[in-house]
Amino acid sequence: MKERQRGYFVFRTAPAVLEGAAAVGKTEGEGPLGAVFDVRNPNDGVGSKSWEAAEAALTRQAAEKALEKCGLSPAEIDLAFGGDLLNQCTATTFGMQPLGVPHAGLFGACSTFALALLLAAASVDGGWAERSLAVSSSHFCSAEKQFRFPLEYGGQRAQTAQRTVTGAGACVIGREGEVRITRGLVGRITDRGVKDAANMGAAMAPAAKETLTAFFAASGARPADYDRIVTGDLGRVGTDLLLCLLREEENLSLAGVHADCGNLIYDADKQDVHAGGSGCGCSAAVVSSAILHGLQTGLYKKILFVGTGALMSPLTSLQNERIPCIAHAVEFERREGASGHGET
């Protein structure tokens, strides 16, 4: 008998992604995915008095736009799951407060959106909610101020460093629709001794490898079963390392099927983003727009999304601690004509 994989589960009713929306800043709006983002702000201030308030505004923009696309009001959402990189998840707290939705705050670093999707789907699948909202955000300037130095300091960034995405993404999860969340896996904390806070890709890649291999072992799925396996967000350094780890340690290839949100959101040849994008808003914005749109239009039939996160804090970095990381997997499948009742 096959041993049960802890953290892996199959949703009985395969909850539906009713709609999604992304709100981004200036640099992200000028990138390769600019045309598919719902809200492109002309500057990163978003009409706010601080970078933290700007990030909260992005959260609210994404959530409100996702609801608008569904034709729903905040009163029709039973639960919201979301978080960000800031202390006490302040951007999500201030951004979601005006909507008045019952709110569960989350912290998973850059894996937060994957975790929010899993919990939102579980709440619908388990009957706790008719409709739930998953949301996450980040902001380049607020993250730099908290984790490194304020921009005014003028500190130089290493070439392995990634640019924290100024953006937010939100998805509404319900019972009926063609884009379904079918399976998932909550990852385990992984630590291979990386301490360099300017090299998040190297820290997170092993967590992505562990989650992918655990998901494949539990589900029996293989890379060829998917149109895309999307990680978020390893950037260029982490992507190369992930593919190398899978090849050398698991004899597994993602050739032709893998993409990373940190590489998709920017044009590294034309935009000064060093090793690519990162932050809670990176995968949230990409999945809520480009990936979801591909599923809605039939471009993709099946997607495996693996959100990665570095579970560090400014305090642990100053204490020269190692960077523990985690990754969560979410499987999306397009089921044409699905009614939303009892599919398996």
Checklist entry - Checking residue 223 against (1) in contact with a strand residue (DSSP E or B) (Cβ under 8 Å, 6 or more places away or on another chain); (2) within 30 Å of residue 25 (Cβ to Cβ), which test does it fail? => result (2)
Item to check | Qualifying residue in segment 193-201 (condition: within 13 Å of residue 162 (Cβ to Cβ), in contact with an Asp or Glu (Cβ under 6 Å, 6 or more places away or on another chain) and buried (at least 20 other Cβ atoms within 10 Å of the Cβ)) | outcome: no
Item to check | Restricting segment 236-255 to residues that are among the small types (Gly, Ala, Ser) and at pLDDT 95 or above, the residue that is nearest to residue 108 (Cα to Cα) | outcome: 238
Next on the checklist: Taking the condition of being free of Cβ contacts under 8 Å to residues at least 60 places away in the same chain and of a type in the set (Ser, Thr, Tyr), how many residues in segment 220-269 meet it?
Outcome noted: 2
Next on the checklist: Considering only residues that are under 25 Å from residue 99 (Cα atoms) and among the hydroxyl-bearing types (Ser, Thr, Tyr), which ones fall in segment 1-58?
Outcome noted: 48, 50
Checklist entry - Does at least one position in segment 128-148 carry a residue that is among the charged types (D, E, K, R) and at pLDDT 95 or above? => result yes
Next on the checklist: Going by what's in this entry, would residue 20 be described as touching a residue at least 60 places away in the same chain (Cβ under 8 Å), touching an Asp or Glu at 6+ places or on another chain (Cβ under 9 Å) and either surrounded by fewer than 24 Cβ atoms within 10 Å (Cβ to Cβ) or under 17 Å from residue 294 (Cβ atoms) (or both)?
Outcome noted: yes
Checklist entry - Within the bounds of segment 262-276, is there any residue that is of a type in the set (A, V, I, L, M, F, W, C), outside the structural domain of residue 37 (by TED's automatic domain parsing), within 16 Å of the chain's Cα centre (by Cα) and modelled with pLDDT of 95 or more? => result yes
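Tell me which residues, restricted to segment 62-79, are over 17 Å from the mean Cα position of the chain (by Cα) and assigned to a helix (DSSP H, G or I).
64, 65, 67, 68, 69, 70, 74, 75, 76
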Checklist entry - Taking helices (runs of 4 or more DSSP H) that do not extend beyond segment 225-344, which have at least 3 residues that are surrounded by 15 or more Cβ atoms within 10 Å (Cβ to Cβ)? => result 235-250, 261-264, 280-286, 292-297
Next on the checklist: I need the full set of residues from segment 243-285 which are over 24 Å from residue 168 (Cα atoms) and in contact with an Asp or Glu (Cβ under 8 Å, 6 or more places away or on another chain), in order please.
Outcome noted: 257
Next on the checklist: Restricting to segment 24-53, name every residue that is touching a residue at least 12 places away in the same chain (Cβ under 8 Å) and closer than 27 Å to residue 302 by Cβ.
Outcome noted: 24, 28, 31, 32, 33, 36, 37, 38
Checklist entry - Looking at 189, 229, which one is at pLDDT 95 or above, under 23 Å from residue 315 (Cβ atoms) and not basic (Lys, Arg)? => result 189
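Could you grab me the full set of residues in segment 12-40 that are in a loop (DSSP other than H, G, I, E, B) and among the aliphatic types (A, V, I, L, M)?
14, 33
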Checklist outcome for this item: For helices (runs of 4 or more DSSP H) lying entirely in segment 80-172, having 1 or more residues that are surrounded by fewer than 19 Cβ atoms within 10 Å (Cβ to Cβ) picks out 90-96, 140-147
Checklist outcome for this item: Counting only residues in segment 173-192 that are out of contact with any Asp or Glu (no Cβ under 8 Å at 6 or more places or on another chain) and outside any strand (DSSP E or B), the one nearest to residue 330 (Cα to Cα) is identified as 186
Next on the checklist: Can you pull out every residue in segment 26-50 that is of a type in the set (D, E, K, R), crowded, with 19+ Cβ neighbours inside 10 Å and touching a strand residue (DSSP E or B) at 6+ places or on another chain (Cβ under 7 Å)?
Outcome noted: 28, 38
Item to check | Cβ-Cβ under 7 Å pairs, at least 6 apart or on other chains, segment 317-335 side without any contact (Cβ under 8 Å) to a residue 60 or more places away in the chain and more than 11 Å from residue 182 (Cβ to Cβ), far side crowded, with 23+ Cβ neighbours inside 10 Å and not basic (Lys, Arg) | outcome: none
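The values are calculated or read from the model by the stated rules, or taken from the named source; none is laboratory data. Everything quoted here is computed from the prediction, not taken from an experiment. Methodologically, a virtual Cβ is constructed for each residue, glycine included, from the backbone with ideal geometry; neighbour enumeration extends over all protein chains shown.
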